[in-house]
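One structure below.
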Amino acid sequence: KLLSSMISRMPAGQISIVAADNGKTTIQSGVAQFEIQSMPATDFPDLPNTGAEQTLTIKTGVLRDMIERTLYAVSQDEKKPAHTGELFEIELDKLTMVALDGYRLALRTAPIVNNGTEEKEIVVPARSLIEVARILPDDGEKATITFSRTHLSATGGDVKIIARLMEGDFIKYKQILPNEHMTRVRVNRKELLDGIERVALMARESKSNLIKFSISREMIEISANSEIGRSNEEIPCAAMGEDIEIAFNNKYLTDVFKVLEDEEIYMDFNSNVSPCVVKPINGDEYYYLILPVRLFTGA
């Protein structure tokens, strides 16, 4: 951390790093000079032998995008260690990444080149994925991911990251995914996000941080109540199926809509106590699930 701070504050130009026999290292650029205590390189731990069993390749930008658009849903509950990471489902031509925390689920898929012949499931710590997303270049290069029973190694450009995989069972998430819907809404994502954020100004004044959707054939009415007042807004949509009233923690909705870029999305509903599913209009690149908050009379 100290070295990074030094380098970032150096004047433009070449930087020299000179290590002396007395355990001191001099770092200099122009008129700026630092001398810091250093340690023998022999004290640095050896990198783990990952014992690679299988390798896949994926574009670095795609991998980073998948990580950034799912990390928000990783659980913070250390009582379920496996859920503090993300599930990698590795198929012969596709990678699926899944994160969930008991209130929402985020799923992204992308094509890969799998140099193995087996389908695998591994769980990668969220902390390691944060570093992967931060460090890997976004230059159209291919990232190589190598994994064994205990470790994952991600290489892109001149960067290589090694992470120990997580132990424990990831929930069989496919069993909780709705396979049908009673109501489907097609709506402009940006218009809906802007409306939610405006209405949520009042929701944040309440203890529940709750907003309500009242969905009819051509309109989503968004509303929120608090001790100091009420807010509501209407967003045009195209709805098929039954009218429905359903409530959510507004943060769970905005977290999803902020990581998407599509102009329009589908939102699927079954009842006011069943999860809302967010899908693309075309394809199956992503799947987001959000649990509602139970509505009481007068909500």
Checklist outcome for this item: Once the in-chain neighbours fewer than 8 apart are removed, the lysines whose Cα is under 17 Å from Lys59 read Lys94, Lys142, Lys160
Item to check | Virtual paramagnetic centre 7 Å along Cα→Cβ of Arg184, amide N under 12 Å, in region 262-281 | outcome: 266-269, 279-281
Next on the checklist: If the only charges are +1 at each Lys and Arg Cβ and -1 at each Asp and Glu Cβ, what is the size of the charge dipole of the chain around the Cα centre, to the nearest 20 debye?
Outcome noted: 600 debye
Checklist outcome for this item: Filtering trypsin sites (Lys or Arg not before Pro) in region 212-252 by DSSP loop and by at most 13 other Cβ atoms within 10 Å leaves Arg217
Checklist entry - Mind checking which lysines have their C-alpha under 18 Å from Lys207, skipping anything on the same chain fewer than 8 residues away? => result Lys251
Checklist outcome for this item: With DSSP loop assignment and no more than 13 other C-beta atoms within 10 Å, the trypsin sites (Lys or Arg not before Pro) in region 112-162 are Arg149
Item to check | Cα-centred dipole magnitude for region 74-169, charges only on beta-carbon of K, R (+1) and D, E (-1), debye, nearest 20 | outcome: 200 debye
Checklist entry - From the square roots a ≥ b ≥ c of the eigenvalues of the alpha-carbon gyration tensor of region 244-284, which class results: rounded (a/c under 1.5), prolate (a/b over b/c), or oblate? => result oblate
Item to check | Peptides 263-270, 41-48 ordered by average Cβ neighbours within 10 Å, highest first | outcome: 263-270, 41-48
Checklist entry - GNM, the chain, Cα, under 10 Å: largest mean-square fluctuation among Thr25, Thr150, Thr183? => result Thr25
Checklist entry - Expressed as a whole number of Å, what is the distance separating the alpha-carbon centroids of region 247-293 and region 169-224? => result 7 Å
Checklist entry - Hey, of (i) 22.3, 95; (ii) 24.1, 78; (iii) 18.6, 58, which did the structure itself give for Rg and Dmax of the Cα atoms in Å when calculated? => result (ii)
Item to check | Candidate aspartates and glutamates - alpha carbon under 18 Å from Lys190, same-chain residues fewer than 8 apart omitted | outcome: Glu218, Glu221, Glu233, Glu234, Asp255, Glu261, Asp262, Glu263, Glu264, Asp268
Checklist outcome for this item: Given Cβ charges of +1 for Lys and Arg and -1 for Asp and Glu, the option among Met6, Ala110, Val124 whose Cα lies farthest towards the positive end of the dipole of the chain is Met6
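Any read-out appearing in this document is the output of simple, stated calculations on the displayed coordinates, not a laboratory observation. What you are looking at is a predicted structure, and each value in this text was computed from that prediction instead of being measured. Note that we place each Cβ from the backbone using ideal geometry, even for glycine, and neighbour counts take in every protein chain shown.
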